[in-house]
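Read through the structure below, which is laid out as structure tokens, and then see the notes.
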Amino acid sequence: MAGMIGLPCSELARYYDFMPSLVGLQKPPGTVFMKATSLGPANGLNGIARAFLAQPELGWLFLTNDDNLYPPDTIPRLLAHGVDVVSGLYFGRIQPFEPILFDSVEMKDGKKWYNRHLIRPGERGLIRAAAVGDGCLLVQRRVMEATPDPWWEYGETLTDACDHDVVFSRKVREAGFGLWCDLDVRVDHITTMAVRPARAEDGSWQVHLCQGENRKIALPAAHKGDNVTKQGG
């Protein structure tokens, strides 16, 4: 059955590599695409959902973000599970790069707190979730029809938090549906880093990929004699 691929973003996608990834997605015949231009992700997502429900021939909605890169077979692999709502696996864009995946919800100091799922060694396949992100999210039509509009809102965890994804997850659970994550559908999450030349204590050169002064990943730098390709940039 055909569905809709939805993209909430501003006038332009943030990262060039996203577009080839989007175009390369395998999809059933008749699948349509909708881009919602909005300054806020919740507003854009709600617009996509309303357009989806206005086309009764579409059986599922797949949501993307313009800072993710997808394996070409993402949609058929998620569809094959036949579950209500299922996400691929991707990590946050800043250190400590934790999964956008939550196991449970509890109250702390009068506010809801979502406990993040930290993946165990050897863990794989389909797992249940209390909340997932919306960057690689496949939702069956029955879920959207039974969940109240607006589906995405803010203020579940903090009044100024961009937490529309966990709000949607809560509404899905309250409507009696389940959320899942396929740990084997692994999705890139694009981020920005500064490439900083640095020297280690032993005198060797390193490349520091920096996100702020106290957030960096150290990698060996290319040295004279290394087999590297000469290029500009």
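The values are calculated or read from the model by the stated rules, or taken from the named source; none is laboratory data. If you're wondering where the values come from, they're calculated on a predicted model, not measured in any experiment. FYI the Cβ positions are ideal-geometry reconstructions off the backbone, even for glycines, and counts take in every protein chain you see. Quick note on the areas: whole protein, heavy atoms, side chains included, nothing else; ligands and nucleic acids left out. Shrake-Rupley method; radii C 1.70, N 1.55, O 1.52, S 1.80 Å.
Please pick out the residue among Arg50, Arg14 that is basic (Lys, Arg) and at pLDDT below 95.
From the options Arg50, Arg14, the qualifying one is Arg14.
Give me a count of the residues in the stretch 32-75 that are touching a residue at least 40 places away in the same chain (Cβ under 8 Å) and of a type in the set (Ser, Thr, Tyr).
Of the residues in that region, 3 qualify.
Counting residues that are modelled with pLDDT under 85, under 32 Å from the mean Cα position of the chain (by Cα) and not polar (S, T, N, Q), which strands (runs of 3 or more DSSP E) fully inside the stretch 177-233 reach at least 2? Quick ask: steps written out before the conclusion?
Values: elements: 179-186, 194-199, 205-210, 216-220.
Fully inside the stretch 177-233 and qualifying: 216-220.
Output yes when any residue across the stretch 150-170 is at pLDDT 95 or above and small (Gly, Ala, Ser), and no when none is.
There is at least one residue in the stretch 150-170 that is at pLDDT 95 or above and small (Gly, Ala, Ser).
Cβ-Cβ distance below 6 Å, separation of 6 or more or different chains: which pairs start in the stretch 176-196 with a residue that is within 25 Å of Ala13 (Cα to Cα) and end on one that is among the basic types (Lys, Arg)?
Pairs that qualify, where the first residue is within 25 Å of Ala13 (Cα to Cα) and the partner is among the basic types (Lys, Arg), are Val185/Arg77; His189/Arg93; Thr191/Arg93.
Residues to consider are Val195, Val172; find the one that is touching a strand residue (DSSP E or B) at 6+ places or on another chain (Cβ under 9 Å) and within 30 Å of Leu58 (Cβ to Cβ).
Only one candidate passes the filter, namely Val172.
Filter the stretch 65-107 down to the residues that are surrounded by 22 or more Cβ atoms within 10 Å (Cβ to Cβ), β-branched (Val, Ile, Thr) and not in a helix (DSSP H, G or I), then identify the one that is modelled with the lowest pLDDT.
The extreme case among them is Ile100.
Looking at the stretch 1-16, which of its residues are over 15 Å from the mean Cα position of the chain (by Cα) and in contact (Cβ under 8 Å) with a residue 24 or more places away in the chain?
Within the stretch 1-16, the subset over 15 Å from the mean Cα position of the chain (by Cα) is 1-4, 10-12, 16.
Answer for the stretch 1-16, where residues must be over 15 Å from the mean Cα position of the chain (by Cα) and in contact (Cβ under 8 Å) with a residue 24 or more places away in the chain: Met1, Ala2, Gly3, Met4, Ser10, Glu11.
Being acidic (Asp, Glu) and open to solvent by 70 Å² or more (accessible area, probe 1.4 Å) is the filter here, so list the residues in the stretch 155-198 that pass it.
Hits for the stretch 155-198 are Asp160, Glu174, Asp188.
Within the stretch 8-54, track down each residue that is assigned to a helix (DSSP H, G or I), open to solvent by 30 Å² or more (accessible area, probe 1.4 Å) and not hydrophobic (A, V, I, L, M, F, W, C).
Pro20, Pro41, Asn43, Arg50
Any chance you could count how many residues in the stretch 127-154 are part of a loop (DSSP other than H, G, I, E, B), of a type outside the set (A, V, I, L, M) and surrounded by 14 or more Cβ atoms within 10 Å (Cβ to Cβ)?
Within the stretch 127-154, residues that are part of a loop (DSSP other than H, G, I, E, B), of a type outside the set (A, V, I, L, M) and surrounded by 14 or more Cβ atoms within 10 Å (Cβ to Cβ) number 9.
When the residues of the stretch 108-118 are narrowed to those that are open to solvent by less than 60 Å² (accessible area, probe 1.4 Å) and not aromatic (Phe, Trp, Tyr), which ends up modelled with the lowest pLDDT?
In this case the residue turns out to be Asn115.
Cβ-Cβ under 6 Å, sequence separation 6+ or interchain: first residue in the stretch 127-143 and polar (S, T, N, Q), partner open to solvent by less than 20 Å² (accessible area, probe 1.4 Å) and in a strand (DSSP E or B). Which pairs?
That search, which allows pairs on different chains as well, returns Gln140/Trp60.
Residues in the stretch 80-126 that are out of contact with any Asp or Glu (no Cβ under 8 Å at 6 or more places or on another chain), touching a residue at least 40 places away in the same chain (Cβ under 8 Å) and closer than 24 Å to Gly176 by Cα: how many?
Total meeting the criteria: 8.
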